[in-house]
Ligand code: 5RP
């Protein structure tokens, strides 16, 4: 990573990701989120493990993160082995002024929600483009394949447009780490994040959506501004 020239956006992610690694203390069990910004946190944790003999255990939120942690030498445990999660560090796709989030561009939001729910604290790392005045979607929704037509019909009745997320090669739908498919829901009008989160999560067949409005009280956001990381809580 250090030999490659980073773009301004990647530098912003790096500033946020590195700052978040400072919140990790010896002995902690850490939820490891998914995405390019958390990858910088993990790279910094590798250095701290090497230089400070930092002892931590990570619970990964995706196969991608599991593999990366293995490459970096960050000790990994399963969720069932974690007595508690002290802190989860994760990315986001949109962040509003009340620290409500849209997540799931990387299709990892189901495991990310579980870790956010269990964690004592949630630290969100992002570049400044993720800040917004209000959440506008699209809202990622993971659904079990059997329920696809039902969930699409309900979402259309709710007034928006659900779009099945294609794989990179457009040769079929994206399949999540849990074996499910992803819809990106485009609401037709402005919405209350907590109300929409609750309504979507109650549709039978939905595993969960990517609106994270319910965790704002335990959330700290770190934005990798050019002048230095900005901490918002
Ligand atoms: C994955 C996520 C990611 O955390 C989110 O998409 C941000 O990713 P990045 O840090 O690469 O911008 O929610 O499901």
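We did not get these values from a lab; they are worked out from the coordinates using the rules stated. Keep in mind that what you see is a predicted model, and the values were worked out from it rather than measured. For neighbour counting, all protein chains shown are included, and Cβ atoms are generated from backbone atoms with ideal geometry for every residue, glycine included.
Quote to one decimal, in nm, the extra length available between residue 129 and residue 166 on full extension: 0.36 nm per residue of separation minus the C-alpha distance between them. Write down the numbers at each step before the final one.
Details: separation 37, 0.36 × 37 = 13.32 nm, distance 2.41 nm.
Roughly 10.9 nm would be gained on extension.
Have a look at 192, 201, 180 and tell me which one the Gaussian network model of the chain (Cα, springs below 10 Å) gives the largest fluctuation.
Highest fluctuation among the options: 192.
Helix-derived [θ] at 222 nm for the chain: sum -39500 (n - 2.57) over DSSP H runs of at least 4, divide by residue count, nearest 500?
Numbers: 6 runs with 70 residues, N = 233.
Value at 222 nm, helices only: -9500 deg cm²/dmol.
Assign one of three labels to the range 150-225, namely rounded, prolate or oblate, based on the Cα gyration tensor with a ≥ b ≥ c the square roots of its eigenvalues; rounded applies when a/c is under 1.5, prolate when it is not and a/b is larger than b/c, and oblate otherwise.
On the way: a/c = 1.79, a/b = 1.23, b/c = 1.45.
It comes out oblate by the Cα gyration axes.
Placing one identical point scatterer on every Cα of the chain and ignoring solvent, what is log10 I(q)/I(0) from the Debye formula at q = 0.09, 0.10 Å⁻¹?
-0.37, -0.45
If you take the square roots of the eigenvalues of the alpha-carbon gyration tensor of the range 113-160 and sort them as a ≥ b ≥ c, do you get rounded (a/c under 1.5), prolate (a/b over b/c) or oblate? Can you show the working numbers first?
Numbers: a/c = 3.18, a/b = 1.53, b/c = 2.08.
Verdict is oblate for the range 113-160.
If you average the C-alpha positions of the range 146-201 and of the range 61-99 separately, how far apart do those two centres end up, in angstrom?
For the range 146-201 versus the range 61-99, the Cα centre distance is 24 Å.
Rank by packing, highest mean first: peptides 37-47, 210-220, 149-159, with packing defined as the count of other Cβ atoms within 10 Å averaged across residues.
Numbers: 37-47: 22.7, 210-220: 20.5, 149-159: 14.8.
Final packing ranking: 37-47, 210-220, 149-159.
Per residue and in cubic angstrom, what volume does the convex hull of the Cα atoms of the range 90-222 have? Intermediate values should be presented prior to the final figure.
Values: hull volume 14.1 nm³, N = 133.
Here the figure is 106 Å³ per residue.
At residue 76 and residue 149, where each label point lies 7 Å from the Cα along Cα→Cβ, what is the point-to-point distance in nanometres?
With each label point 7 Å from Cα toward Cβ, the separation is 3.8 nm.
Compactness ratio of the range 1-87: Cα Rg over 2.2 N^0.38 Å, N = residue count?
Values: Rg = 12.6 Å, N = 87, 2.2 N^0.38 = 12.0 Å.
So the Cα radius of gyration is 1.05 times the expected 2.2 N^0.38 Å.
Let me know the shape class of the range 64-153, please: from the alpha-carbon gyration tensor, a ≥ b ≥ c as square roots of the eigenvalues, rounded when a/c is under 1.5, otherwise prolate if a/b is greater than b/c, or oblate.
Numbers: a/c = 1.87, a/b = 1.23, b/c = 1.52.
Oblate, because a/c is 1.5 or more while a/b does not exceed b/c.
Pick from 197, 142, 112 the residue whose mean-square fluctuation is largest in a GNM of the chain, springs joining Cα atoms under 10 Å.
Evaluated over the chain, the most mobile residue of the options is 197.
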